[in-house]
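To keep things clear, I will list the structure first and then write my remarks on it.
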Amino acid sequence: MNLVIANSAYIGVFLTLGAYFAGVLLQKKCRLAIFNPLMIGIVLVIAVLLMGRIDYDVYSESANYISYLLTPATVCLAIPLYQQIESLKKNWIAIFAGITSGVLASLGSVLGLCLLFGFTHEQYVTLLPKSITTAIGMGISDELGGIVTITVAVIIITGLIGNILAENICRLFKIDEPIAKGIAIGTSSHAMGTAKAIEIGEIEGAMSSLSIAVSGLITVVGAMIFANFM
Amino acid sequence: MYCKIDNPAAMAGAMYLTAWQAKSTESKRMKYLKQFLIIIAVTFVGELLKYMIPLPIPASIYGLLIMFILLVTKLLPLHMVKETGDFLVKIMPVMFIPAAAGLIVIWTDIKGIWLSLIVITVVTTILVMAVSGKVTQAIIRRSRTK
């Protein structure tokens, strides 16, 4: 049996899709933010791997065919963005000011909390790119001498929190303007949050997509400057 | 296996009908393939740029910018990428599961500091969401009341 699993080219894809759909079904039954399909999917996959004593490499070798589509899918985020180009043109000052303030809040709060927890410089630069998309974040962390695997972990946890809590946080802070919602979600929790923004609405999804690219690019410069502060 | 029609004229008619049906669905079938081709082509150009430009910017971001420029300049009409693009965007959440499940491998690196990592992550994520959302909303509303 173990040999079959280890040699299967489809086990990872099957497990990933199955776990996600289990999450979708569970969310239909109980409409709670914590029953988030992405979250349930991740927990189920980890549970199956641990209980079945399946090596992560065996799983990922097959599941990578799904991750493979992430790059073209991100490229396609340009489509909803293009469809909202009128509201982008009309509100570009608000949009860019919002994203820039979010990036500064991210870098500033990481600085403050790292000082509070007494983290080392290495740990600090590891956390600096936590709010942006994984590929850019890894590059920045590596460049600044951070621990790339931890950066990836923190970026994923950030995205997951954004995906789960986005609606609640927007309600709590009375952010109800669709453009502002999208910018808030994309700037704070990159593509994983954007997946939620797309579910909320077309404008939210488009603005969140834009925020991934813009906040990522601003953070490249911002993190280099903030790295000198601690 | 074999066709049960003995009459050559009826057979020709049946063949013509199949050919006609195939032709009407062909453009549809080819549509998705063509859309996927264009999306992959743009992604590939993004990948090339990533190798040529020494910045920590991934292929996906270059690709997104190229796709956006192509659409805005109308060099690429929307209908040539729409359905396949929408499909990829809609199934995106699933694509994060494999990497996120990789947390079980990274776990050994963060075991000692996981609690402070969670605190920092939760606090900063909420803060960034509130700040960027509030700033955007305030400016939009101020320009509206003018």
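Fully extending the segment from residue B:114 to residue B:52 would add 18.6 nm, taking 0.36 nm per residue of separation and subtracting the current Cα-Cα distance.
Here r is the Cβ-Cβ distance between residue A:57 and residue A:17 and R0 is 22 Å; the resulting FRET efficiency, rounded to 0.05, is 0.65.
Give the range of the longest stretch in chain A that excludes all trypsin sites (Lys or Arg not before Pro) found in loop regions by DSSP and having at most 15 other beta-carbon atoms within 10 Å. With a cap of 15 other Cβ atoms within 10 Å, the longest stretch comes to A:54-173.
Across peptide B:74-80, the average count of Cβ atoms from other chains found within 10 Å of a residue's Cβ is 1. Measuring between their Cα centroids, the range A:32-104 and the range A:112-131 lie 24 Å from each other. Computed from label points 7 Å out along Cα-Cβ, the spacing between residue A:225 and residue A:143 is 1.4 nm. Cross-linked pairs A:28/A:89; A:130/B:134; B:50/B:134; A:196/B:28; A:130/B:82: Cα-Cα separations exceed 27 Å for A:28/A:89; B:50/B:134; A:196/B:28; A:130/B:82. To the nearest ten degrees, helix A:178-200 and the longest principal axis of the Cα atoms of chain A are 40 degrees apart.
Working from label points 7 Å from Cα in the Cα-to-Cβ sense, the residue B:91 to residue B:104 distance is 2.4 nm. Sites count as exposed loop sites when they are chymotrypsin sites (Phe, Trp or Tyr not before Pro), lie in a DSSP loop, and have at most 13 other Cβ atoms within 10 angstrom; the longest stretch of chain A without one is A:69-230. Across peptide A:9-22, the mean count of Cβ atoms from other chains lying within 10 Å of each residue's own Cβ comes to 2. Only one residue of A:218, B:27, A:68 has its Cα farthest out toward the positive end of the dipole of the protein assembly as shown, where Lys and Arg carry +1 and Asp and Glu -1 on Cβ, and that residue is B:27.
What is chain A by shape, rounded, prolate or oblate, if you read a ≥ b ≥ c off the alpha carbon gyration tensor as root eigenvalues and call it rounded for a/c under 1.5, prolate for a/b larger than b/c, and oblate otherwise? Here chain A falls in the oblate category. Counting every other Cβ atom within 10 Å of each residue's Cβ, A:160, B:78 order from fewest to most as B:78, A:160. Other protein chain C-beta atoms within 10 Å of residue C-beta, averaged over A:62-68: 4. Taking a ≥ b ≥ c as the square roots of the eigenvalues of the Cα gyration tensor, the range B:58-100 is classed as oblate, since a/c reaches at least 1.5 and a/b does not exceed b/c. Rounded to the nearest 10 degrees, the inclination of helix A:148-172 to the longest alpha-carbon principal axis of chain A is 70 degrees. Taking amide hydrogens as placed 1.01 Å from N in the peptide plane, the amide H of residue A:131 sits under 5 Å from that of no residue at least 5 positions away in sequence or on another chain. The calculated FRET efficiency for the pair residue A:10 and residue A:83, based on their C-beta separation and a Förster distance of 45 Å, comes to about 0.80.
Each of B:103, B:57, B:145 was scored by the projection of its Cα onto the charge dipole of the range B:46-146, and the greatest displacement toward the positive side belongs to B:145; charges sit on the C-beta of Lys, Arg, Asp and Glu.
Enter the angle in degrees (range 0 to 90, nearest 10) between the Cα long axis of helix A:11-29 and the first principal axis of the Cα atoms of chain A, meaning the one along which they spread out most. Helix A:11-29 and the main axis of chain A meet at about 70 degrees. Take the Cβ atoms of residue B:143 and residue A:174, set R0 to 22 Å, and the FRET efficiency comes out at 0.75.
Throughout, read-outs are computed from the coordinates displayed, never taken from laboratory work. On a predicted model such as this, the values are computed, not experimentally measured, just so you know. All Cβ positions, glycine included, derive from the backbone under ideal geometry; neighbour counts span all protein chains shown.
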